[in-house]
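Okay, structure first, notes after.
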Amino acid sequence: MILAPLQGLTEVLFRRVYEECFPGAIAMAVSPFLSLTHNIHHSRGSARQTYLADVLPENNAGSIAVIPQILGREAEEFVELAGMLADMGYTEVNWNIGCPMRAVTGKHRGSGILPYPEEVRQMLDAVVPRLRCRLSIKTRLGLREKEEIFKLVPIFNDYPIATVTIHPRTGKQQYGGQPDLEVFGQVMPMLKAPVVYNGDICTRADAERIRTLFPGISEVMIGRGVLYDPTLPLRLRGDTLTDGEAREKSRHFVRRMIEEINLRLPNDEMRTRKTKEYWALLWKTLPISELQARSVLRAQELAAVDNLIEQFIQ
Ligand SMILES: Cc1cc2nc3c(=O)[nH]c(=O)nc-3n(C[C@H](O)[C@H](O)[C@H](O)COP(=O)(O)O)c2cc1C
């Protein structure tokens, strides 16, 4: 399995703690996106270090192989950023054309480019021949219509794309409704590149169902499912865990995450916010009620947040 990019969640802090608690369980991750903001590649010193922090090799020395992801449709900047990443030793970059956020899609970025196949072609034409590393793509079925993908398939097939990861929803759907497995099943065999399935895999049974339905997929990518149950990647690789063992591992993971957040983030306001962002997903791994989980989200002070979590993981 591949760890999905979740902006604000699966950055290096998470990946490091994950690797420490579950060595070898996740072999590969796509990083949350680096947005092509103007002139960032011309910036020097600390601004550049901050922008690239999540993918700097010195921050990623562990066993999870990271594929940096880029969001945007500015070809020149894409090539330049991909070049910087290649210089760091990366052999693949991932183009995000699936992001559903309005602020992004309005500018034909993320899934906003999907209704415009010619813009996708122009971008690939301008970028692919100049890359010094492989290019993979992460996409949805469309922005508004799930059929948009069918006009993109022949374009993707004209370029040496390393993999195409498909989250079978539209951008408009965001995360609502069900992934459209029927359309995914139609598109998958039409693509020349290996296809990765992504979306709503939360249990080993979910992953097995996808692999049974689509034996042709090269991999599954999982995001939220790993936060709902950090032991999921262990189960996927075949580990058998009792409920008690799984709970103990999850508790330890949550505790280590809180410790790292408190250690790495610069002030209590940021620590509180970040802890709550993780807690909103991670609580599901613990045997507590939604009401109890919400009490953490309602707490104001960091000490209160941490105390409540500590009680729940006892
Ligand atoms: C909070 C959040 C942040 C996300 N950030 C990114 C991102 O940076 N890049 C990206 O391609 N997808 C991003 N996604 C989409 C996920 O990678 C993934 O496609 C989606 O969550 C469906 O997979 P899942 O059901 O396994 O979580 C994000 C999703 C969420 C919920």
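Tabulated values for the structure
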{"quantity": "The chain: relative contact order as a whole-number percent, Cα under 8 Å and 6+ apart", "calculated": "14"}
{"quantity": "Helix 204-213 axis, angle to the chain major axis (alpha carbon atoms, nearest 10°)", "calculated": "20"}
{"quantity": "Translational diffusion coefficient (Stokes-Einstein; Kirkwood radius from C-alpha pairs) of the range 165-314 at 10 °C, 1.306 mPa s, in µm²/s", "calculated": "92"}
{"quantity": "Cα-Cα P(r), the range 130-191, percent of pairs per 5 Å interval", "calculated": "4, 17, 30, 23, 13, 8, 4, 1"}
{"quantity": "Highest average packing first - 118-124, 136-142, Cβ atoms within 10 Å", "calculated": "136-142, 118-124"}
{"quantity": "Debye, to nearest 20: dipole size of the chain, +1 on Lys, Arg Cβ, -1 on Asp, Glu Cβ", "calculated": "300"}
{"quantity": "Tilt relative to the chain, helix 75-87 - C-alpha long axis, 0 to 90 degrees, to 10", "calculated": "60"}
{"quantity": "Principal axes of the range 243-312: Cα extent on each, largest first, Å", "calculated": "36, 24, 17"}
{"quantity": "For peptides 92-102, 21-31, sequence by mean Cβ density within 10 Å, most packed first", "calculated": "92-102, 21-31"}
{"quantity": "222 nm mean residue ellipticity, helices alone, for the chain (DSSP H n ≥ 4; -39,500 (n - 2.57); rounded to 500)", "calculated": "-13000 deg cm²/dmol"}
{"quantity": "Tail fraction, Cα-Cα pairs, the chain, threshold 29 Å, whole percent", "calculated": "39"}
{"quantity": "Ascending count of other beta-carbon atoms within 10 Å, so fewest first, for THR165, THR50, THR240, THR285", "calculated": "THR240, THR50, THR285, THR165"}
{"quantity": "Dipole axis of the chain (+1 Lys, Arg; -1 Asp, Glu on Cβ), positive-most option in ALA27, GLY177, LEU213", "calculated": "GLY177"}
{"quantity": "Charged-residue dipole, Cβ positions (Lys, Arg, Asp, Glu), the range 243-312 about Cα centre, Debye nearest 20", "calculated": "160"}
{"quantity": "Gyration tensor (alpha-carbon) shape descriptor, the range 4-103, a/c threshold 1.5", "calculated": "prolate"}
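Readers should treat all values here as calculations from the given coordinates under stated rules, not as data from a laboratory. Just so it is clear, the model here is predicted, and its values are computed rather than measured. Positions of Cβ are backbone-derived with ideal geometry, glycine not excepted, and every protein chain shown enters the neighbour counts.
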